[in-house]
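Below you'll find the structure, written out as structure tokens, and then a few comments.
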Amino acid sequence: MKVSCLQENLAKGLSIVGRAVSPRSTLPILSHVLLATDGGRLRLSATNLEIGINCWIGARVEEEGTIAVPARTFIDLVNALPPDRVDMEGVVRTMTLNLRCGRSEANIKGMDAVEFPPIPMPEGEGGVRLDAEALRTAIAQVAFAAATDEARPILTGVLVQFEEDRVTLAAADGYRLSVRSVPLPEPVGEPFSVIVPARAMVELGRICADQEEPVLTTVTPDHNRILFQLTDVVLVSQLIPGNFPDYRQIIPRDRNTRTVVGTADLLKACRTAQIFARDGAHIVQFHVHLGTDLEPGRLVVSATSAETGDDVTQLDASVEGEPIEIAFNVKYLIDVLSVLGTPQVALDTTSSSSPGVLRPVGEEDFIHVVMPMHLGR
Amino acid sequence: MGIRILSPEVASQIAAGEVVERPASVVKELVENSIDADAREIRVEVGQGGRRLIRVTDDGCGVPAAEAELAFHRHSTSKLASAEDLNHITTLGFRGEALASIAAVSRVTFLTRAAEEEAGTLLRLEGGRVVARRPVGRPPGTTVTVEDLFYNVPARRKFLRSEATERRHIDAWVTRYALAYPHLRFALTHDGREGFHSPGSGDLRDVLVAVHGVKTGAALLEIPEDPGSGSSIRVRGFVGPPSLHRGDRGGITLFVNGRWIQDARLAYAVIQAYHTLLPTGRYPVATIFISLPPEEVDVNVHPAKAEVRFQDGNEVFRVVQRAVRRSVLEQAHIPAASLPASPTWPGFRPSDRRPPVWAAQAQEPAVQPALPPREAPSGMPLLRVVGQVGAAYIIAEGPDGLYLIDQHAAHERVLYERMMAQREEGVPSQGLLEPEPVDLSPETAGLVEAHRESLRRLGFELEPFGGSTFLVRALPAVLAHARAAEVLADVARALQEGRSQVAEETEQAVMRRVCKQAAVKAGQVLTREEMEGLVQALERCASPRTCPHGRPTMIHISVAQLAREFGRE
């Protein structure tokens, strides 16, 4: 293999595929990046068997070939190089990659590319197109709610549900649920849904940041994997088998109180409360007071720690319904308020032991349900 | 056989049985007499476990010649004049039964000289009757020789235990008195061989060293004075650090107003004070003196006077428990690692094999501690986290060497104390998005149902769901990442194991179980921040040295020990 490319392009490509490298795997090849010439471009690939990423960068190919090089070493080296042309040559006999850039020359000991697990390539023209920006926002609003522990594998995934002209993303970890739907540029024929590991969705969201073209989504015929095609990047993920719980049932239908406050103010109040809630169970108290003709309603946010102290923040709120006291895990609130995306948030509640619902005001497509906490007295 | 009145001889033998149960009771009664006679030195000689011979010699005030015979009459005593005096008994004996009872069942030689008289008296009695009497010369004091105990009561003789057992009972009594009277010199010989002896220095610790040996005696913690309690009950004595424990309650010795007593409730107060500090099934070592105004305690409950009745038993319980707990928490040391590693099994503590105290001089730390010896509020040294071994233990450096912390045990302790504190306000509970049905066995389901209210206080919200199924609606917030089914099954097990316990203890058992579930497990890799957070939280604990199940949370290897191991001395 003999190939030349620009250091900037190589570094950028590696930053995309580098996320799929599994640094502590028992399989040594998984800590490697595969370099392969591919139709006049250089393809970079990495996989941890759950997620695989292919990234193509522009290059001048003098001699076709492939080689796998240790990801950490290669990425560190490329990042240290000057922004110049990089000439690479794979020596098959010694499985070494010779690299020259500017006045530097390096040799990296690699592995035979045949050992590298194949990453499925998109086949045919089918698939669903998604708007990259909308997808990125939806992932940010949903993926954090997925479970991080493996107790219930299904909940470590994000439900991706295609129906007519909408795609809906949902994730839950047993205590909170995040649901976001996004209109599709063109409707799907058959409705279908898959469960994608949240980690893969987060990677996809990251890659989407630079994407302008729509993302083409296909599921492999065996229904084991999903492919997301972007410009010059393909992300492949395993799917989680099983049925996602019926989240629609969890979303409360009625409410006794609607409290509308400024999102940034509430987030700030929660961050302050977190300082004192940190020691205990991250418990933050909400007291909702009705307004009168003379003054607006109030949301009082407070936290108490036996060890460090307490704090109270008063927020002006527009309150409809009955006054209520309810407590939440402050971490959950901070998570959702950080991604809400509108200046105002509505909190719908029925009782101190029923789920609270957060919605961005003026935005119908996002809904977040969070279970309250209470003190077992 | 018709009914008739027993001859005085038979009657006295029966009565004697109440007081003189075994050779040790004779020793006890005679030693008490010696103490009441203001002796400074008491020698006890025993032959064949007391069957052949018991001789107690003292240098006390003696008995005047004229009163020598009277001493052996039933209900004769110099210690009490009227029933009124019973309300403020300050002497050990008071019934006037001891000598008469002993004489009724043995051959007694009574040799005494009152300090103010010129000559002494020798009195020989057999079966309670005086068979010889003559004046003799001897220094002031009394020697009572009891031979052939129960020679005339074959039934009683048959029930005596092995010589070793009787010897052990005698040892126990002499030790108790030596502890109660540290200013008296006690010397005990068995068949001419020297046994226990106390120096009579007046320092209780010297007696404890004589009883337990140098190592243990030195490790015991003195109960500090608590002048602010406002209670008329005073508690003093010594208690063992949590690292010192044994398989039975025998290490707990209690005295009330200088009198040894047996009281299961007070012993429990002492054990309770070590709650969560000792491994399950192990008991502390403690010698405790309780003093309270004589009118607040009735010692006239039992002929052997081993039991007493308190006017306010709960108050005594509380004061004792608090005093012991305070001593242990304030002063207990972290168990030292024993190097080289030696096998341990119950009853064998490697620290026993350390060099004797006289060698301690040479072990002064040669290296200056890296940190100033600042202490956290709990008395735990402030630690700097160095790293983690085996994804199970945190290595930390303290002012005086190396500390190994068991991450699971430490986290359990932190969570347990936090939960105990939260119990007042209510334990934070996290609702589940979807209530989870959990199937239990019918038996455990009944227990869970019975304890539903106290489980609710601990953050479990359960709803019966038909049969032995419960719907879990909320879990304690600390368990938010555990599986409801596993948690509930585990809690049900805790309830089952604690079935016989009182509600308070069952609740604590459940809490311990919850904390065990919620704590980081061995095998979990921790970040530096997590380790530092854990160590800081541990420093804030009231008893950071043990987990709620009583296992140590940390092991200490001193700078001196390290130096020794590396041969730097």
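Quick notes
- If you go through region A:253-293 and keep only what is in a strand (DSSP E or B) and within 14 Å of chain B (Cβ to nearest Cβ), you end up with A:Ile283, A:Val284, A:Gln285.
- Screening region B:139-208 for strands (runs of 3 or more DSSP E) wholly inside it with 2 or more residues that are among the aliphatic types (A, V, I, L, M) and assigned by TED's automatic domain parsing to the domain that holds B:Val31 returns the ranges B:141-147, B:185-190.
- Considering residues of region A:297-311 that are open to solvent by 70 Å² or more (accessible area, probe 1.4 Å) and more than 33 Å from the chain's Cα centre (by Cα) only, the residue farthest from the other protein chains (Cβ to nearest Cβ): A:Arg298
- Among the residues of region A:205-222, the ones that are assigned to a loop (DSSP other than H, G, I, E, B), open to solvent by less than 60 Å² (accessible area, probe 1.4 Å) and in contact with a helix residue (DSSP H, G or I) (Cβ under 9 Å, 6 or more places away or on another chain) come to 2 in all.
- Contact map, region B:469-496: residues that are within 9 Å of another protein chain (Cβ to nearest Cβ) and closer than 17 Å to A:Lys331 by Cβ paired with residues that are open to solvent by less than 10 Å² (accessible area, probe 1.4 Å) and in a helix (DSSP H, G or I), Cβ distance under 6 Å, separation 6+ or inter-chain. Pairs shown: B:Pro476/B:Val514.
- Region A:362-375 - residue that is more than 11 Å from A:Tyr332 (Cα to Cα) and modelled with pLDDT of 95 or more and, of those, nearest to the other protein chains (Cβ to nearest Cβ): A:Ile367
- Of A:Ile226, A:Ile250, all but one fail to be open to solvent by less than 70 Å² (accessible area, probe 1.4 Å) and within 14 Å of chain B (Cβ to nearest Cβ); the exception is A:Ile250.
- Tabulated pairs, region B:455-467, first within 14 Å of chain A (Cβ to nearest Cβ), second acidic (Asp, Glu), C-beta under 9 angstrom, 6+ apart or interchain: B:Leu455/B:Glu461; B:Leu455/B:Glu507; B:Arg457/B:Glu507; B:Leu458/B:Glu507; B:Leu462/B:Glu449
- Taking region B:420-452 as the range and being more than 10 Å from every other protein chain (Cβ to nearest Cβ) and either in contact (Cβ under 8 Å) with a residue 60 or more places away in the chain or in a helix (DSSP H, G or I) (or both) as the test, the residues that pass are B:Met420, B:Pro442, B:Glu443, B:Thr444, B:Ala445, B:Gly446, B:Leu447, B:Val448, B:Glu449, B:Ala450, B:Arg452.
- Unmet criterion (only one of (1) over 36 Å from the mean Cα position of the chain (by Cα); (2) away from chain A (no Cβ under 14 Å)) for B:Ile395: (1)
- Leading residue by the ranking (nearest to B:Gly426 (Cα to Cα)) among those in region A:274-296 that are open to solvent by 60 Å² or more (accessible area, probe 1.4 Å) and hydrophobic (A, V, I, L, M, F, W, C): A:Ile275
- Selection count, region A:158-174, where residues are part of a loop (DSSP other than H, G, I, E, B) and open to solvent by less than 10 Å² (accessible area, probe 1.4 Å): 0
- The single condition among (1) over 20 Å from A:Gly39 (Cβ atoms); (2) surrounded by fewer than 19 Cβ atoms within 10 Å (Cβ to Cβ) that A:Asp131 does not satisfy is (2).
- Criterion: within 28 Å of A:Val196 (Cα to Cα) and outside the structural domain of A:Ser237 (by TED's automatic domain parsing) - qualifying residue of A:Leu34, A:Leu77, A:Leu6, A:Leu10: A:Leu34
- Residue in region A:293-314 that is at pLDDT 90 or above and either aromatic (Phe, Trp, Tyr) or under 23 Å from B:Pro435 (Cα atoms) (or both) present: no
- Annotation: A:Asn329 fulfils all but one of (1) under 17 Å from A:Ile283 (Cα atoms); (2) of a type outside the set (D, E, K, R); (3) open to solvent by less than 10 Å² (accessible area, probe 1.4 Å); the unmet one is (3).
- Taking first residues from region A:161-188 that are closer than 27 Å to A:Ala151 by Cβ and touching a residue at least 60 places away in the same chain (Cβ under 8 Å) and partners that are hydroxyl-bearing (Ser, Thr, Tyr) and buried (at least 24 other Cβ atoms within 10 Å of the Cβ), the Cβ contacts under 6 Å between residues at least 6 apart in sequence or on separate chains come to A:Arg176/A:Tyr332.
- The listed residue being touching a residue at least 12 places away in the same chain (Cβ under 8 Å) and over 20 Å from A:Asp112 (Cβ atoms), out of A:Arg19, A:Arg24, A:Arg43: A:Arg19
- Index of the failed condition, B:Val270 passing every other in (1) outside the structural domain of B:Arg309 (by TED's automatic domain parsing); (2) at pLDDT 85 or above: (1)
A quick yes/no check of all residues on (1) under 21 Å from B:Glu330 (Cα atoms); (2) aliphatic (A, V, I, L, M):
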residue: B:Arg205; (1), (2): yes, no
residue: B:Val209; (1), (2): no, yes
residue: B:Glu225; (1), (2): yes, no
residue: B:Val239; (1), (2): yes, yes
residue: B:Val256; (1), (2): no, yes
residue: B:Gly281; (1), (2): no, no
residue: B:Asp298; (1), (2): no, no
residue: B:Glu307; (1), (2): no, no
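- Selection within region B:422-438: residues that are more than 12 Å from B:Leu462 (Cα to Cα) and among the acidic types (Asp, Glu). The member of this set that is least open to solvent (accessible area, probe 1.4 Å) is B:Glu434.
- All conditions in (1) open to solvent by 70 Å² or more (accessible area, probe 1.4 Å); (2) at pLDDT 80 or above; (3) more than 14 Å from B:His549 (Cα to Cα) hold for B:Lys516, with the sole exception of (3).
- Selected residue [open to solvent by 10 Å² or more (accessible area, probe 1.4 Å) and more than 13 Å from chain B (Cβ to nearest Cβ)] from A:Ser338, A:Ser354: A:Ser338
- When A:Leu155, A:Leu99 are screened for being away from chain B (no Cβ under 14 Å), at pLDDT 90 or above and surrounded by 20 or more Cβ atoms within 10 Å (Cβ to Cβ), only A:Leu99 passes.
- Going through (1) of a type in the set (S, T, N, Q); (2) within 24 Å of the chain's Cα centre (by Cα); (3) within 14 Å of chain B (Cβ to nearest Cβ); (4) closer than 11 Å to A:Thr259 by Cα one by one, A:Thr349 falls short only on (2).
- Selection of region B:452-468 for residues being open to solvent by less than 50 Å² (accessible area, probe 1.4 Å) and at negative phi yields B:Ser454, B:Leu455, B:Leu458, B:Phe460, B:Leu462, B:Ser468.
The values are calculated or read from the model by the stated rules, or taken from the named source; none is laboratory data. This one's a predicted model, so the numbers in the text were calculated from it and none came from an experiment. Neighbour counts run over all protein chains shown; Cβ positions are idealised from the backbone, glycine included. Side chains included, ligands, DNA and RNA excluded: accessible areas come from the protein's heavy atoms. Shrake-Rupley method; radii C 1.70, N 1.55, O 1.52, S 1.80 Å.
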